[in-house]
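Scroll down for the structure; my scribbles are underneath it.
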Amino acid sequence: MADSTAPRKFRRVLLKLSGEALREPGSQENISPPIVEDMAAQIKAAHQTGLEIALVVGGGNFWRGITASNKGMERATADYMGMLATVMNSLAVQSMLEAMDVPTRVQSAIKMDNVAEPFVRRKAMRHLELGRVVIFAAGTGNPFFSTDTTAALRASEINAEIVLKATKVDGIYDSDPNKNPNAVKFDRVSFHECLTRQLKVMDSTAFSLCMENNMPIGVFSMNEPDNIRRALVGEHIGTMVDAKG
């Protein structure tokens, strides 16, 4: 019988990081170099195992389009500004990874040749095959879509085996653990049960993309030391969402 606690063996993964995670709590700085350095070190450790890694980084430490639109800004313009924020974060992560001798490419959904390659699916896959970490920036290139949706879309496009979503909580619960001390955490749950229970895993568009393409989602806390590396190398942390549950 297979050991259910043994690490899963991934070949290619997509890691989704929130922009807020790059900012030190309580700090006025939008990007904390020590935090980015720690993330990069964990990604490097996983990369050295031969794992092919793609990243999507949010932009919430600089800008949230939907928040600005709720305050009167035209939504499409606000979302484009948010996409530019993800480019800044992607460049910060790239810089730190390359300082650690990890070959990296940033591909942007909005053309900006001086700072990033344009997104080309086959080129991204070739970079991964050659051992380069690929960072997908500027969202999908379209307003009204979140970086969760970007992660689900890009993961499907590059034939990743899983989307790993780093969050503030250590998995998916049957209710909000911040409000309900008796909330129960799932180790594994199906797409169908997430829909039935109305569990908040990703936004509805991103979740639908993953479900329709049978793309598993791993949700874990990035606040615990070394958790990014552990998730990347397939250790059983957080919650796994897939077709079987």
Query raised in the report: Going down the table (LYS44/LYS179; LYS111/LYS165; LYS9/LYS111; LYS71/LYS165; LYS123/LYS200; LYS123/LYS244), which pairs top 31 Å between alpha carbons?
Result: LYS44/LYS179; LYS9/LYS111; LYS123/LYS200; LYS123/LYS244
Report task. Quickly work out the GLU98-to-ASP203 label distance, labels modelled 7 Å from Cα along the C-beta direction, and quote it in nm with one decimal. Result -> 3.0
Report task. Could you pull out every whole DSSP H run in the chain that spans at least 18 Å of Cα extent along its own axis and averages 0.5 or higher on the Kyte-Doolittle scale? Result -> 75-99
Query raised in the report: Amide H to amide H under 5 Å from ILE162: which residues, 5+ apart in sequence or cross-chain, H placed 1.01 Å off N in plane?
Result: LEU14
Report summary line: The ³J(HN,Hα) series, computed from each phi in the stretch 228-241 with the Karplus coefficients 6.51, -1.76 and 1.60 at θ = phi - 60°, rounded to the nearest Hz and given as x for glycine or proline, is 5, 4, 4, 5, 4, 7, x, 5, 7, 10, x, 10, 9, 10
Report task. Just need the relative contact order of the chain here, percent rounded to a whole number, with Cα pairs under 8 Å and 6+ apart. Result -> 23
Report summary line: Percent antiparallel among DSSP beta bridges confined to the stretch 88-245, nearest 5, equals 25
**Report entry** Nonlocal amide H pairs with ARG188, under 5 Å, H built at 1.01 Å
**Finding:** MET240
Requested in this report: Sort the following peptides by mean Cβ neighbour count (other Cβ atoms within 10 Å, averaged over residues), highest first: 214-221, 26-33.
Outcome: 214-221, 26-33
Query raised in the report: Under a no-solvent Debye model with one identical scatterer per Cα of the stretch 1-116, what's log10 I(q)/I(0) at q = 0.16, 0.17, 0.20, 0.22 Å⁻¹?
Result: -0.82, -0.90, -1.12, -1.26
Query - Whole-number percent relative contact order across the stretch 120-197, with pairs defined as alpha carbons under 8 Å at least 6 apart - result: 17
Report task. Return the long-range amide H neighbours of THR167 (sequence gap of 5 or more, or a different chain), with a cut-off of under 5 Å between placed amide H atoms. Result -> PHE220, SER221, MET222
Query raised in the report: In a GNM of the chain with a 10 Å cut-off on Cα contacts, which of ALA99, ALA124, ALA40 has the highest mean-square fluctuation?
Result: ALA99
Query raised in the report: Which peptide among 111-121, 131-141 comes first, and what is the full order, when sorted by highest mean count of other Cβ atoms within 10 Å?
Result: 131-141, 111-121
Query raised in the report: the stretch 167-203 to the stretch 44-62: how many Å between their Cα centroids?
Result: 24
Query - Local electrostatic count at ALA41 - Lys and Arg +1, Asp and Glu -1, tallied over other residues with Cβ under 11 Å - result: -1
Query raised in the report: Where Lys and Arg each count +1 and Asp and Glu each count -1, what net charge lies around ASP174 among other residues with Cβ under 9 Å from its Cβ?
Result: +2
Query raised in the report: Under the Karplus relation 6.51 cos²θ - 1.76 cosθ + 1.60, θ = phi - 60°, what is the ordered set of whole-Hz ³J(HN,Hα) values for the stretch 105-112, x standing for Gly and Pro?
Result: 10, 9, 10, 9, 6, 10, 5, 8
Query raised in the report: Where Lys and Arg each count +1 and Asp and Glu each count -1, what net charge lies around ARG121 among other residues with Cβ under 11 Å from its Cβ?
Result: +3
Report summary line: Under Stokes-Einstein, the stretch 185-245 at 20 °C and 1.002 mPa s, with its Kirkwood radius over C-alpha pairs, diffuses with a coefficient in µm²/s of 178
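Every number in this text was worked out from the coordinates using simple rules, so none of it is lab data. From a predicted model like this one, the values you see are computed outputs, not experimental measurements. Quick reminder, even Gly has a Cβ in these numbers, built from the backbone with ideal geometry, and neighbours come from all protein chains shown.
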